[in-house]
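For reference, the structure is listed below as structure tokens.
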Amino acid sequence: MSDRVRRKIRLLFAASEAVPFVKTGGLGDVAGSLPRSLKQAGAKAAVIMPKYGSIPQEYQEKMRHVADFYVPLSWRSVYCGIERLSWQGVDFYFVDNEAYFKRDGIYGYFDDGERFAFFSKAICEAIMRLPELQCDVLHCNDWQTALAPVFLREFYGSSEACRKVKTIFTVHNVKFQGQYSDQVLGDVLGLADNPTAAGQLYCDDGSVNFMKGALCYADLITTVSPSYACELQMPFYGEGMDGIFRRRSSVLRGILNGIDQDAWNPKTDPFIARPYGVRNLAGKAENKRQLQRELGLAEDPTRPLVVMIGRLTNQKGLGLVRYAMGRLMERGVQVAVLGTGDKDQEDAFKYFDWTYGDQMCARIAFDNALSHRMYAGGDILLMPSEFEPCGLSQMIAMRYGTLPVVRETGGLQDSVVPYNRFTGEGTGFRFANMNADEMADVLLEACELFWTDAKAWSKLQRQAMGGDFSWDRAADEYLDIYHDLHPEIIRYNKKR
Ligand code: ADP
């Protein structure tokens, strides 16, 4: 190619949430950490997200007004302010419209379809109007930004700034797709008279699906683990989109998320009783003792302490845990659960807490500090998810030497190496089927090892703690695919 250039690839990362401004799930962690690592890996990365009323005041005060303009949204012309805040070296741009975003919560409003259609259109408009937001790659995440690749192609083809932009769409959880009555097609999206676009967005007679739009229009699709990329192509996991994932499998990639290794570090964690590391695992025992005391569990180092931290929803395989609880209790295992979610799940774990006294504890709360103490004080983390696009808890647990017992699905399968009793290899334990007895068998085998072979156990802990779950690895992979989309831009830095 004759006109190749060596320069930093310009990336605009669009997401509906990002740490530390606002977070409801894993997407917030990704949008808060990945752009920083991409910048370190040699990209020019900026993030764009809505300016919610719930963003803490300390951040809102530091934002600087960059521009304002009106966004066409079908028959509407909607005000859009753009504000900027640099955080940890990355520029975050906030899309400001108080009618849409200055509310108590983030999602769950009657007009979510319109709110995020506006956000997606505002992204395109900002790329067209603001030189500092011009980019080579627009990286969209989940349904809230899914219309941006559609709008970019359908409305902004004549813009010099937009024409060369390649789009990537990342699926963090295919369960949430943004599906609305087809009235929005004309009333909000302004695409009712465009049969091609309408055809891609329709998912049945009466409704349109934002995620489907992105899956059809994006130049490249990624998801957050290689196994989930395969699973999405199967009816069981694909939530009705499996046909499109199969059709577009040549542009579908799975890249395992990382974790923020500074925030999750047992050597420096300010929330835990005693810091420890790979070479002085003794400190972990003190964390276990303190945790048992805090949670009202028997202070007994010989009892394996199984922790679970996460949303209490069906996705997390809680039915298996409920079924197996009696068997685990009989064997003297301790179980501690931290989470919030569906009422019936919360009630079931409260019931176990009440029934099993100093052997079982359920904390129905969202408590970041306690989660740190549980990762540090637990012996085993149980995660029997029905599906798990990536999962962060198992990676955090390994970093703290708390061995995960997981079902073989999605990112759990890609991040946990199963224990091999003959070679001593592994970083945790795995089981294959959604079957409570199978889960309990593997969990109790892990407990058996804990009871009978302290040397093998601590070897596994060290192997787990030594794994690389940094964002650097993921950032390198993302940078590779950005450059695949722009072969004319030579990679600025050497590969790490
Ligand atoms: P998902 O994104 O499906 O909710 P992940 O395992 O990818 O699950 O990420 C969950 C993150 O949220 C982890 O960092 C976990 O520690 C944290 N978390 C979940 N529930 C709670 C809770 N009740 N209290 C504190 N932290 C929680």
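When you scan the range 270-277, do you find a residue that is crowded, with 23+ Cβ neighbours inside 10 Å, more than 13 Å from the ligand (Cβ to nearest atom), under 25 Å from Ala365 (Cβ atoms) and not acidic (Asp, Glu), even just one?
yes
Search the range 272-300 for residues that are on the phi > 0 side of the Ramachandran plot and pair each with any residue that is modelled with pLDDT of 95 or more and buried (at least 16 other Cβ atoms within 10 Å of the Cβ) when their beta-carbon atoms are under 7 Å apart and the residues are at least 6 apart or on different chains.
If the second residue must be modelled with pLDDT of 95 or more and buried (at least 16 other Cβ atoms within 10 Å of the Cβ), the pairs left are Gly296/Cys361.
Assuming Gly283 fulfils every condition listed in (1) in a loop (DSSP other than H, G, I, E, B); (2) under 30 Å from Leu328 (Cα atoms) apart from one, which condition is it?
(1)
Scan the range 380-397 and give yes if some residue there is away from the ligand (no atom under 16 Å from the Cβ) and not β-branched (Val, Ile, Thr), otherwise no.
Scanning the range 380-397 turns up no residue that is away from the ligand (no atom under 16 Å from the Cβ) and not β-branched (Val, Ile, Thr).
Got a sec? Which of Leu38, Leu27 is surrounded by 18 or more Cβ atoms within 10 Å (Cβ to Cβ), in contact (Cβ under 8 Å) with a residue 24 or more places away in the chain and within 30 Å of Leu185 (Cα to Cα)?
Matching residue, one of Leu38, Leu27: Leu27.
Being closer than 14 Å to Asn420 by Cβ and of a type in the set (Gly, Ala, Ser) is the filter here; which residues of the range 440-463 pass it?
If the condition is that a residue be closer than 14 Å to Asn420 by Cβ and of a type in the set (Gly, Ala, Ser), then Ala446, Ala456 are the ones that fit.
So, Thr170, is that one hydroxyl-bearing (Ser, Thr, Tyr) and closer than 30 Å to Glu408 by Cα or not?
Here the answer is yes, as Thr170 does meet what is asked.
Among (1) farther than 18 Å from Gly186 by Cβ; (2) in contact (Cβ under 8 Å) with a residue 60 or more places away in the chain, which single condition is Trp75 missing?
The number of the failed condition is (1).
Quick one: would you say Arg462 is farther than 30 Å from Lys166 by Cβ, in contact (Cβ under 8 Å) with a residue 12 or more places away in the chain, not in a helix (DSSP H, G or I) and not small (Gly, Ala, Ser)?
Answer is no for this residue.
Collect the residues in the range 310-335 that are away from the ligand (no atom under 16 Å from the Cβ) and out of contact with any helix residue (DSSP H, G or I) (no Cβ under 7 Å at 6 or more places or on another chain), keeping them in residue-number order.
Selection gives Gly319, Gly326, Glu330, Gly332.
Exactly one condition in (1) modelled with pLDDT of 95 or more; (2) in a loop (DSSP other than H, G, I, E, B) is not met by Gly319; state its number.
(2)
Looking at the range 279-309, which of its residues are more than 16 Å from the ligand (Cβ to nearest atom), touching a Lys or Arg at 6+ places or on another chain (Cβ under 9 Å) and among the hydrophobic types (A, V, I, L, M, F, W, C)?
Listed by number, the residues that qualify are Leu281, Ala282, Ala285, Leu297, Leu305.
Are any residues in the range 194-234 without any contact (Cβ under 8 Å) to a residue 60 or more places away in the chain, among the polar types (S, T, N, Q) and under 15 Å from Arg248 (Cα atoms), and if so, which ones?
Gln200, Gln233 - these are the residues of the range 194-234 that are without any contact (Cβ under 8 Å) to a residue 60 or more places away in the chain, among the polar types (S, T, N, Q) and under 15 Å from Arg248 (Cα atoms).
Restricting to the range 156-193, name every residue that is within 23 Å of Trp75 (Cβ to Cβ), in contact (Cβ under 8 Å) with a residue 40 or more places away in the chain and not aliphatic (A, V, I, L, M).
Across the range 156-193, the qualifying residues are Gly178, Tyr180, Gly186, Asp187, Gly190.
I'd like to check something: does the range 239-261 contain any residue that is under 18 Å from the mean Cα position of the chain (by Cα), within 16 Å of Met374 (Cβ to Cβ), surrounded by fewer than 18 Cβ atoms within 10 Å (Cβ to Cβ) and within 16 Å of the ligand (Cβ to nearest atom)?
no
Which residue, of Trp457, Trp471, is over 22 Å from the mean Cα position of the chain (by Cα), of a type in the set (Phe, Trp, Tyr) and either surrounded by fewer than 21 Cβ atoms within 10 Å (Cβ to Cβ) or within 16 Å of the ligand (Cβ to nearest atom) (or both)?
Trp457
Tell me the strands (runs of 3 or more DSSP E) entirely within the range 160-251 that contain at least 3 residues that are modelled with pLDDT of 95 or more.
In the range 160-251, 166-171, 179-181, 207-209, 220-223 are the strands (runs of 3 or more DSSP E) which contain 3 or more residues that are modelled with pLDDT of 95 or more.
Got a sec? Which of Asp358, Asp347, Asp353 is in contact (Cβ under 8 Å) with a residue 60 or more places away in the chain, more than 8 Å from the ligand (Cβ to nearest atom), among the acidic types (Asp, Glu) and farther than 21 Å from Ala464 by Cα?
None of the others qualify; the one that does is Asp358.
Among the residues of the range 79-86, are any over 23 Å from the mean Cα position of the chain (by Cα), part of a loop (DSSP other than H, G, I, E, B) and surrounded by fewer than 18 Cβ atoms within 10 Å (Cβ to Cβ)?
No, the range 79-86 contains no residue that is over 23 Å from the mean Cα position of the chain (by Cα), part of a loop (DSSP other than H, G, I, E, B) and surrounded by fewer than 18 Cβ atoms within 10 Å (Cβ to Cβ).
The values are calculated or read from the model by the stated rules, or taken from the named source; none is laboratory data. Remember, it's a predicted structure, so these values are computed and weren't measured experimentally. Quick reminder, even Gly has a Cβ in these numbers, built from the backbone with ideal geometry, and neighbours come from all protein chains shown.
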